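Heads up, the thing below is written out as structure tokens.
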Amino acid sequence: MIALTVAQIAEIVGGRLADISPEQAARTVVTGTVEFDSRRIAPGGLFLALPGARADGHDHAAAAVAAGAAAVLAARPVGVPAIVVSPADSAPDSRSGALEHDDAAGSGAAVLAALAKLAAAVSAVLVAKGLTIVGITGSSGKTSTKDLIAAVLAPLGEVVAPPGSFNNELGHPWTVLRADENTDYLVLELSARHRGNIAELAAIAPPQVAVVLNVGTAHLGEFGSREAIAETKAELAQAVPESGVVVLNVDDPAVAAMAGKTAARVVRVSRAAPADVWAGPVALDELARPRFTLHSGQGESQVRLGVSGDHQVGNALCAAAVALECGATPQQVTDALAGAGPISRHRMQVSTRADGVTVIDDSYNANPDSMRAALQALAWIARGEDPGAEVRRSWAVLGEMAELGEDAISEHDRIGRLAVRLDVSRLIVVGVGRSMGAMLHGAVMEGSWGAEATAVQDVDAALALLRSELRPGDVVLVKASNSAGLTALAEALTSEDPGDRR
């Protein structure tokens, strides 16, 4: 973050000083990062006292200051130097899913609103000094594309991007405040659970370049329809000024239609037909890493991606379009994409153990679109690039896809059927409830008999089954929404000694 005094921050967020005099606040400078975890505070930082389901940050304020925090941003006095914002001054957003209880929601909303004000002020200063902000949204692929964009922009200057999926009311402004005077590019994800969410986030750090990947069925239970999801994703395109650029994946008709909803210049990308940036024929290697010819107004170049999955082609094209718009050469783009492996954990991380078992860890999140893409990658890796090679046994270990609303049963049923159609050797359905029952039912109705499709109650049962039955050379996909907890299963599979079965 840029250096600001405690007094300046208080003025920006409309807070009052507590346990610090105006004179001291004017002399005390926040030079470190803004953190909501007191264990991560460094000298000169600003600590956010956020109430949560299991802990209240206000209770850790003193520890944060003892660790070097210059001050605390809080909803009440905490006995150490603080900027206090009142819940009464910030109407709680009842739509926010970040906080559970009314009292906590009021306090949390006040701190989050103050954080947004601070981030907006800082981003405005940095943009005036030359910072370029890139915003990304889509129903799936945001985090993978964010990582690719950060990689292709790195040769052009200093890049700040969020770790993992920091893309909501907390993670978005927190990421903005990682940028400083040395930052050339700020790459941001924008997620939404309700209409207006993306517009609110974009107002904090208005993007000069925006990317819309797709309109799928993630959070369908919250939005009610795909049309409503499309309208919300279009909020990002609408936030870009006339002087900016909007990159649209026109292979998705709902995204292509957004060209008429922005005043900015539109750059169209496609993997299926000529566009401003497009891919020639796509081939996959033995780990489902795509290679293709990148076509643009600057010529052609040969791309070999370092990430797995045919679906990564569209993500890479969008990243290439952003980099080319920012001044990169096709060769710089090609080199950066080749060297860009998975960065954010639990997203299409492919690794092979010492015993030859290949694990595809895509356990962080899931929706019908990303689940289909991951299953297709599993099937490809099991078959291999050589048509004459022996097909490896494939395992799909799948958990619930959350927030699908009334479509949950039918969508889980479709995934179970797809696993059979792709000739996945074993389907392990992890968890109980109607959705997971529908996934198993779909597999059985599609023709999966006996032990080919199995339901287990939890992660421990799934791990025990895999440990007892995995053979060298098998390929295992682990995928579910984060709430299903399958990240622990993926970590156990990739980190354990295959010979240790104690």
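Regarding the stretch 172-182, can at least one residue be identified that is out of contact with any Ser or Thr (no Cβ under 6 Å at 6 or more places or on another chain), under 27 Å from Gly341 (Cβ atoms), open to solvent by 10 Å² or more (accessible area, probe 1.4 Å) and of a type in the set (Lys, Arg)? Scanning the stretch 172-182 turns up at least one residue that is out of contact with any Ser or Thr (no Cβ under 6 Å at 6 or more places or on another chain), under 27 Å from Gly341 (Cβ atoms), open to solvent by 10 Å² or more (accessible area, probe 1.4 Å) and of a type in the set (Lys, Arg). In this structure, is Val267 closer than 23 Å to Gly216 by Cα, out of contact with any Asp or Glu (no Cβ under 8 Å at 6 or more places or on another chain) and open to solvent by less than 30 Å² (accessible area, probe 1.4 Å)? No; evaluated as a whole, the condition is false for this residue. Taken over the stretch 443-466, residues that are under 18 Å from Ser495 (Cβ atoms) and either modelled with pLDDT under 95 or touching an Asp or Glu at 6+ places or on another chain (Cβ under 6 Å) (or both) amount to 0.
Table: residues versus (1) among the β-branched types (Val, Ile, Thr); (2) at pLDDT 95 or above.
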site: Pro274; (1), (2): no, no
site: Asp285; (1), (2): no, no
site: Val303; (1), (2): yes, yes
site: Asp310; (1), (2): no, no
site: Asn315; (1), (2): no, yes
site: Ala321; (1), (2): no, yes
site: Ala328; (1), (2): no, yes
site: Met348; (1), (2): no, no
site: Ser351; (1), (2): no, no
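Of the residues making up the stretch 467-486, at least one is more than 22 Å from Ala288 (Cα to Cα), among the basic types (Lys, Arg), surrounded by 14 or more Cβ atoms within 10 Å (Cβ to Cβ) and assigned by the TED database to the domain that holds Ser363. Residues that are within 30 Å of Val476 (Cβ to Cβ), within 22 Å of the chain's Cα centre (by Cα) and either without any contact (Cβ under 8 Å) to a residue 12 or more places away in the chain or in a strand (DSSP E or B) (or both) within the stretch 250-305 comprise just one, Pro290.
Report yes if some residue within the stretch 149-166 is in contact with a strand residue (DSSP E or B) (Cβ under 8 Å, 6 or more places away or on another chain), open to solvent by less than 10 Å² (accessible area, probe 1.4 Å) and without any contact (Cβ under 8 Å) to a residue 40 or more places away in the chain; otherwise report no. Checking the stretch 149-166: at least one residue is in contact with a strand residue (DSSP E or B) (Cβ under 8 Å, 6 or more places away or on another chain), open to solvent by less than 10 Å² (accessible area, probe 1.4 Å) and without any contact (Cβ under 8 Å) to a residue 40 or more places away in the chain. Does Glu227 qualify as being without any contact (Cβ under 8 Å) to a residue 60 or more places away in the chain and open to solvent by 60 Å² or more (accessible area, probe 1.4 Å)? Spelling it out, Glu227 is indeed without any contact (Cβ under 8 Å) to a residue 60 or more places away in the chain and open to solvent by 60 Å² or more (accessible area, probe 1.4 Å). Filtered by the rule that a residue be part of a strand (DSSP E or B) and either closer than 12 Å to Ala484 by Cβ or open to solvent by less than 20 Å² (accessible area, probe 1.4 Å) (or both), the stretch 431-455 gives a lone residue, Ala453.
Evaluated against (1) open to solvent by 20 Å² or more (accessible area, probe 1.4 Å); (2) closer than 19 Å to Ser344 by Cβ, Ala319 falls short on exactly one condition, (1). For the stretch 1-44, a residue qualifies if it is part of a loop (DSSP other than H, G, I, E, B), modelled with pLDDT of 95 or more and of a type in the set (D, E, K, R), and exactly one does: Asp19.
One line per residue, one yes/no per condition, for (1) open to solvent by 20 Å² or more (accessible area, probe 1.4 Å); (2) closer than 24 Å to Ser344 by Cα; (3) not in a helix (DSSP H, G or I):
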residue: Tyr364; (1), (2), (3): yes, yes, yes
residue: Met371; (1), (2), (3): no, yes, no
residue: Pro387; (1), (2), (3): yes, no, yes
residue: Glu390; (1), (2), (3): yes, no, yes
residue: Ala396; (1), (2), (3): no, yes, yes
residue: Met401; (1), (2), (3): no, yes, yes
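Taken over the stretch 322-334, the criterion of being in contact with a helix residue (DSSP H, G or I) (Cβ under 8 Å, 6 or more places away or on another chain) and either outside any loop (DSSP other than H, G, I, E, B) or crowded, with 19+ Cβ neighbours inside 10 Å (or both) is satisfied by Val322, Ala323, Leu324, Cys326, Ala328, Pro330, Gln332, Val333.
Being in contact with a Ser or Thr (Cβ under 8 Å, 6 or more places away or on another chain), crowded, with 21+ Cβ neighbours inside 10 Å and of a type in the set (Phe, Trp, Tyr), is that true of even one residue in the stretch 183-200? Yes: one or more hits. Close contacts from the stretch 19-48, counting a first residue that is of a type in the set (A, V, I, L, M) and a second that is outside any helix (DSSP H, G or I) and open to solvent by 60 Å² or more (accessible area, probe 1.4 Å), with Cβ to Cβ under 9 Å and a gap of 6+ residues or different chains, come to Val29/Ala3; Val30/Ala3; Val34/Arg178; Leu48/Phe36.
Within the stretch 45-68, the residues that satisfy the criterion of being of a type in the set (A, V, I, L, M, F, W, C) and open to solvent by 10 Å² or more (accessible area, probe 1.4 Å) are Leu50, Ala53, Ala55, Ala62, Ala63, Val65, Ala66, Ala67.
The residues of the stretch 412-430 that are part of a helix (DSSP H, G or I) and either open to solvent by 20 Å² or more (accessible area, probe 1.4 Å) or free of Cβ contacts under 8 Å to residues at least 40 places away in the same chain (or both), listed by number, are His412, Asp413, Arg414, Gly416, Arg417, Leu418, Val420, Arg421.
The values are calculated or read from the model by the stated rules, or taken from the named source; none is laboratory data. From a predicted model like this one, the values you see are computed outputs, not experimental measurements. Cβ: placed from backbone, ideal geometry, glycine included. Neighbour counts: every protein chain shown. Areas reflect the complete protein model, heavy atoms only, side chains present, ligands, DNA and RNA absent. Shrake-Rupley method; radii C 1.70, N 1.55, O 1.52, S 1.80 Å.
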